[in-house]
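Structure record follows, encoded as structure tokens.
The values are calculated or read from the model by the stated rules, or taken from the named source; none is laboratory data. All values derive from a computational prediction rather than experimental measurement. Please note: Cβ atoms are built from the backbone with ideal geometry, for glycine as well, and neighbour counts cover all protein chains shown.
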Amino acid sequence: MAVPEREWVLPFQRRAVPNAPAVAALLQEKRRRKIWELGGTLHCSVVGTCLSAAELRQLLIRLKSADAETASDHDLHGQGVLLARQRDIGGKLLNKALDRRHHLAINQFAKAHGEAALRALWRDAVKRGDIPGAYWAVLTHPDCSEELVRLVFGEVHMLSHLVGAANRADIRRLHQLEQENAALVAKVERQQARLREAATRHEAEMRALSDALARQFAAPGGEEATQPATTPDPAVAALERRLAAEAARRERAEQRLEASASALRDSGATHRAASQERDALRAELAAAEENLQSLLADGLAGRPADIGGLSVLYIGGRPQQVSRLRALSERAAARFLHHDGGIDERSGLLPGLISRADVALFPVDCVSHEAALMVKRLCRQSGKPWLPLRTASVTAFLAALGPMRSAVDEARRAAAS
């Protein structure tokens, strides 16, 4: 049936819905909704969550949109939101792109009948972190009510705030490392190419000089020329001087090549260190995102990780972060102990705190060297595990919640055996 153009309004906007009978008839139809049939307030979140910038750029290039190849990601997003409102070739291509991109999630949600089944599938998708496909599938499902639309829209909206606030600094550092790494690799490749070219050119010149010198000493009939030793040929002397100069140049070029090779080895070590730091950042971000998503799984009532019953001792760190870490530990049903590492509190308190704790953590970038050594020594003596954190950030603490439980269980098994 043809549905008049109108705008959907979510329940929390508290104003009348135009063409309410048409909307009710559409909800009764057992078919998936098109993107232009969704409310205008949903288009921004659908385009931003369910399509990547590269996919949206290809779609706009296919539609021959102006500046599609050079437009910024924000401009692309705005054009995509405008397409979503139109029931024309652009809106249809956008709807097909979303269906093609998330066909697996659509097929999974198509088996659900009724709002309760849709809610269960949505909860499972949030726990698994499969937000984009599930978001598109549930919004377009024929059994999706306005209440469920409001629920999933609100959770996706809040998830973007939480993840963005927690990971912005680490993502910026990751991008900076990748850019520095690419610039370093390009510089080394250019240096190697110049050195190889110089070495090849010098070798060719030396071969040419050797051939010319051999011809000077050969007689026209193939016999060796016999010239008095007291009257050397000036051309031969010039060639010998030139040969000696080229030999010296080649030696200097070989020295520069060796120096560049040494620099390349050093840069390779730097590159590997940067790659390891990048991988550590990615793993930390993934763990932090998993814990943040678990916080949203049941309407912000969940716990970030199952470390209930543990006593966690945190040494060092920044004073303004301690209250946040304490709140995260309490949400995970853990007891949080803190020592500043000997700045304002005596280091003599550490043995007693470690005896009360199940695991000790300290950020390597915000703790004294003496305090870190004392923590390791006391933990070894008491058989307690310790975990060094990469930074004093909240994301580093979140990423350690899972390994924290594993380290404590392993230490307890070792003590029991």
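Does residue 249 count as within 30 Å of residue 127 (Cα to Cα) and either modelled with pLDDT of 80 or more or touching a His at 6+ places or on another chain (Cβ under 6 Å) (or both)? Criteria not met by residue 249.
Residues that are in contact with a strand residue (DSSP E or B) (Cβ under 9 Å, 6 or more places away or on another chain), free of Cβ contacts under 8 Å to residues at least 40 places away in the same chain and not β-branched (Val, Ile, Thr) within segment 377-399 comprise 378, 379, 380, 384, 385, 386, 387, 388, 389, listed in sequence order. Taken over segment 231-244, the criterion of being assigned to a helix (DSSP H, G or I) and either touching a strand residue (DSSP E or B) at 6+ places or on another chain (Cβ under 7 Å) or loosely packed, with under 12 Cβ neighbours inside 10 Å (or both) is satisfied by 234, 235, 237, 238, 241, 244.
Condition first: small (Gly, Ala, Ser), part of a loop (DSSP other than H, G, I, E, B) and surrounded by 13 or more Cβ atoms within 10 Å (Cβ to Cβ). Can you find one or more residues in segment 352-374 that meet it?
Checked against the condition, which is being small (Gly, Ala, Ser), part of a loop (DSSP other than H, G, I, E, B) and surrounded by 13 or more Cβ atoms within 10 Å (Cβ to Cβ), segment 352-374 yields at least one hit.
Looking at 391, 395 in this structure, which one is under 27 Å from the mean Cα position of the chain (by Cα), in a loop (DSSP other than H, G, I, E, B) and either crowded, with 16+ Cβ neighbours inside 10 Å or not aliphatic (A, V, I, L, M) (or both)?
Values: 395 fails: in a loop (DSSP other than H, G, I, E, B).
Just a single option satisfies the conditions, and that option is 391.
All of 65, 45 fail the test of being hydroxyl-bearing (Ser, Thr, Tyr) and either assigned to a loop (DSSP other than H, G, I, E, B) or more than 18 Å from residue 156 (Cβ to Cβ) (or both), apart from 65.
Of all residues in segment 174-210, those that are within 32 Å of the chain's Cα centre (by Cα) and among the acidic types (Asp, Glu) total 3.
If a residue has to be touching a Phe, Trp or Tyr at 6+ places or on another chain (Cβ under 8 Å) and under 18 Å from residue 394 (Cβ atoms) to count, how many in segment 324-358 make the cut? Give the steps one after another, and end with the answer.
Taking segment 324-358 first, the residues touching a Phe, Trp or Tyr at 6+ places or on another chain (Cβ under 8 Å) are 325-326, 328-330, 336-339, 341.
Pick out the ones that are also under 18 Å from residue 394 (Cβ atoms) and you get 325-326, 328-330, 336-338.
Residues that pass the stated criteria total 8.
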